[in-house]
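Some notes on the structure that comes next.
The values are calculated or read from the model by the stated rules, or taken from the named source; none is laboratory data. Since this is a predicted model, take the numbers as computed values, not measurements. Reconstructed Cβ throughout: ideal geometry from the backbone, glycine too, with neighbour counts over all protein chains shown. What goes into the accessible areas is simple: the full protein's heavy atoms, side chains included, and nothing from ligands, DNA or RNA. Shrake-Rupley method; radii C 1.70, N 1.55, O 1.52, S 1.80 Å.
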Amino acid sequence: MTDSKPLFDPQDLREKAEHQVRLASPLPLWDGWPGADLTYELQVYHAELAAQNEELQFTAVELERERRLYHTLYEHAPTAYFTLDEHAYIQGVNQAGEQLLGFDRSHLLARRFLQFIGPGHRAEFSCLMETLLHTGVAISERFSVTHRSDEQLEVQLQALTLPGSPQDQPAFLLSLMNLTPLFEAQEALHALNATLKDRVLESTQHLHVLADQFRHQARHDALTALPNRVAFEECLVLALEELHAQGEAFTVLFCDVDRFKRINDTLGHPAGDQVLQELARRLHSVIRPTDHVARLGGDEFAVLLHGVADQTVVSRVVARLEEALEVPFVVSGQELFIQVGTGVLLVTAEYHSSENILRDVDLALYQAKRGGPAGTRLFEPFMRDEFRGQLELEAYLRHALERNELMVHYQPIVALQGGHLLGVEALIRWQHPQRGLLPAETFVPLAEELGLIGQFDEWVLQTAMQQLAQWPVDCSLNSSLWLNVNVSAAHLGQVAAVTAPLSEAPLPAPWQVLIEITERVLTHPADTDADTLQILQGAGVELVLDDFGIGESSLSSLHRFPLRMLKIDRSFVATLDQNRELVRTIAVIGHSLGLTVVAEGIETEAQRAQLIELGLTAGQGYLFARPLPANQLGAHLHSTLKFP
């Protein structure tokens, strides 16, 4: 009970007692009123005693309930409680106190609490208890206590005098909150923060290294380690700024290897790469450390000569280069004598952009190449008229189809083991009236720009279908032969438009048409793809993903299309020593999807052997056959279906 008012109110008890007496039977009549008054008073007193007894019983029940409540709270509180006498002996402890010190209460009771205080804090604890004994003011301090396991635990101890305890024998209540888990968590957090800080620092440093590598790769050629076109244009911009600010002129040279394609065609792309690497080294050897040399792409290099505006000085540089090229290039044990065509531009103040510089020096190189091997030409303004040649090419290309200037050549696709014919790829060629036979890469991009490529693709497919009927292929072959036709499509709708004739005119046995598409079709899905796929399947058209690995398609997108075949780009085959695992991975992925995997650009027996080892079974390239006109391939098919 917490109410401080008296348990019994005399006036209230009197009124209740009189009320009870009146309700009882009438008082017996004695002789004289004094006896009756005395009897009445006795009855009232008796009633008062009964009421007091009832109130006492109720109060006792309430006190017992509150005692049990407080005991339960004390016993099961999460905070450790210890009740001490005036000498700091333990008189009571709850379960949390037992758990804190690791002893049961039978071991704790009647023991001095001081023995559980850490040795370094016992004097402070004694002082605290002394202060509490004299002042009675609650005190809170941090101490260490000793667990049964001898582990020192950090606790926040609060001590107060129990209210109602005698002054000569006061009792004290200690509450202890275990701070050790908090400190351990803080230490763990500090350690984690330190670890994270180290990891962040390490990752940041790694990212800086990667960023530097990416910046370097973005501005340098992977094959020759020279600055690339982007980096060279940045140098041109800086040189232009110095030209206009300080009048420091400069000269730009473009160099292009004569008949470089012949090196690739005869010796293979690895040999061509070695030539480019050696040429880059020799170009560096003929310029000053302050000058710049870059590879712009393919076999084209650029040189920036700072502070040079004299044609005589430029001629000496070109002469040094020619002298350096007199030493033969040794590639695969074979000596090659390399010549380069050179375009020269003396940059004057009339130039204000790197684009104009590159345009004009490229025109000078074009004139040098037209003049024959190892030619050098200085840019002259009239050369800009040569730009009209591009417009002329566009005009010729627009009429190439109607003038029957387009041709189809066929390159066999063979089994890597045995060389048996598996199919052919139809490749478009242009018999230009002035430039001669042009491969697809010289005019197909232009045809795409002009919107002519759809007509060209349809013509190639129709021409190839007509040609198949004229080839003497055994129709009783156990397996079909592929006719691979390239379709320069940006989406499936264009593929369906080109292959529409197949639904009306199926191919003669054993031929089956496969349409080669690039990865951009996979990366540009359309809402109509589902309907288009049904149309293609109805026409029996299956798709080939050409040049796989150099685009941006994901493996998940391969499932959306009725692919029959993956073709590994020739660049991976040319650098097979560096890309073995990549080629192996592509082969495994393709086979796991049930696709035929074909390697392009096979030029050597060593490449074929490595590809077989990596799990590939089909390929094409100069090792087996070059792209052939229909009549030459037909003659070969008449004699054998096997290619060396």
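Counting only residues that are β-branched (Val, Ile, Thr) and either loosely packed, with under 10 Cβ neighbours inside 10 Å or within 24 Å of Thr83 (Cα to Cα) (or both), how many does region 168-213 have?
Looking only at that region, the number is 1.
Given the options Thr251, Thr224, name the one that is open to solvent by less than 50 Å² (accessible area, probe 1.4 Å), assigned to a loop (DSSP other than H, G, I, E, B) and in contact (Cβ under 8 Å) with a residue 12 or more places away in the chain.
When all the criteria are applied, what remains is Thr224.
How about region 81-107: which of its residues are open to solvent by less than 20 Å² (accessible area, probe 1.4 Å) and within 20 Å of Ser165 (Cβ to Cβ)?
Within region 81-107, Phe82, Leu84, Ala88, Ile90, Gly92, Val93, Asn94, Gly97 meet the criteria.
Does Phe143 satisfy the condition of being without any contact (Cβ under 8 Å) to a residue 12 or more places away in the chain, surrounded by 10 or more Cβ atoms within 10 Å (Cβ to Cβ) and among the aromatic types (Phe, Trp, Tyr)?
Considered against the rule, which asks whether it is without any contact (Cβ under 8 Å) to a residue 12 or more places away in the chain, surrounded by 10 or more Cβ atoms within 10 Å (Cβ to Cβ) and among the aromatic types (Phe, Trp, Tyr), Phe143 comes out as no.
Residue by residue through region 610-629, note down the ones that are more than 37 Å from the chain's Cα centre (by Cα) and not in a loop (DSSP other than H, G, I, E, B).
Leu628, Pro629
Tell me which residues, restricted to region 570-594, are more than 19 Å from Asp273 (Cβ to Cβ) and surrounded by fewer than 21 Cβ atoms within 10 Å (Cβ to Cβ).
Correct list: Glu581, Arg584, Thr585, Ala587, Val588, Ile589, His591, Ser592, Leu593, Gly594.
If we scan region 472-489, do we find a residue that is assigned to a helix (DSSP H, G or I) and modelled with pLDDT of 75 or more?
no
So which residues in region 292-314 are out of contact with any Phe, Trp or Tyr (no Cβ under 9 Å at 6 or more places or on another chain) and open to solvent by less than 30 Å² (accessible area, probe 1.4 Å)?
Result: Val314, single match.
Looking at (1) of a type in the set (D, E, K, R); (2) within 41 Å of the chain's Cα centre (by Cα); (3) over 24 Å from Trp511 (Cα atoms), find the lone condition where Arg435 falls short.
Unmet condition: (2).
Test each condition in (1) surrounded by fewer than 16 Cβ atoms within 10 Å (Cβ to Cβ); (2) more than 60 Å from the chain's Cα centre (by Cα); (3) among the charged types (D, E, K, R); (4) modelled with pLDDT under 90 for Arg111 and report the one that comes out false.
Unmet for Arg111, out of (1) surrounded by fewer than 16 Cβ atoms within 10 Å (Cβ to Cβ); (2) more than 60 Å from the chain's Cα centre (by Cα); (3) among the charged types (D, E, K, R); (4) modelled with pLDDT under 90: (4).
Just to be sure I understand, how many residues within region 347-394 are under 26 Å from Leu452 (Cβ atoms), open to solvent by 50 Å² or more (accessible area, probe 1.4 Å) and not basic (Lys, Arg)?
Residues in region 347-394 being under 26 Å from Leu452 (Cβ atoms), open to solvent by 50 Å² or more (accessible area, probe 1.4 Å) and not basic (Lys, Arg): 8 in total.
Pick out the one residue from Gln632, Gln607 that is in a helix (DSSP H, G or I) and at pLDDT 90 or above.
Only one candidate passes the filter, namely Gln607.
Among (1) farther than 28 Å from His269 by Cα; (2) at pLDDT 85 or above, which single condition is Gln494 missing?
(2)
Could you give me the residue pairs with C-beta distances under 9 Å whose first residue belongs to region 610-638 and is within 13 Å of Val573 (Cα to Cα) and free of Cβ contacts under 8 Å to residues at least 60 places away in the same chain, whose second residue is open to solvent by less than 10 Å² (accessible area, probe 1.4 Å) and of a type in the set (Ser, Thr, Tyr) wherever it lies, and which are 6+ apart or on separate chains?
Here the result reads none, with nothing in region 610-638 linked to a residue that is open to solvent by less than 10 Å² (accessible area, probe 1.4 Å) and of a type in the set (Ser, Thr, Tyr).
In region 328-419, which strands (runs of 3 or more DSSP E) lie fully inside it and hold 2 or more residues that are within 42 Å of the chain's Cα centre (by Cα) and over 25 Å from Val444 (Cα atoms)?
The strands (runs of 3 or more DSSP E) meeting that bar are 406-415.
For Phe103, state whether it is in a strand (DSSP E or B), in contact (Cβ under 8 Å) with a residue 40 or more places away in the chain and within 60 Å of the chain's Cα centre (by Cα).
Judged against the criteria, Phe103 is not a match.
Can you give me the number of residues within region 333-364 that are over 20 Å from Leu240 (Cβ atoms) and in contact (Cβ under 8 Å) with a residue 12 or more places away in the chain?
8
Taking Glu581, is it of a type outside the set (A, V, I, L, M) and in a loop (DSSP other than H, G, I, E, B)?
Considered against the rule, which asks whether it is of a type outside the set (A, V, I, L, M) and in a loop (DSSP other than H, G, I, E, B), Glu581 comes out as no.
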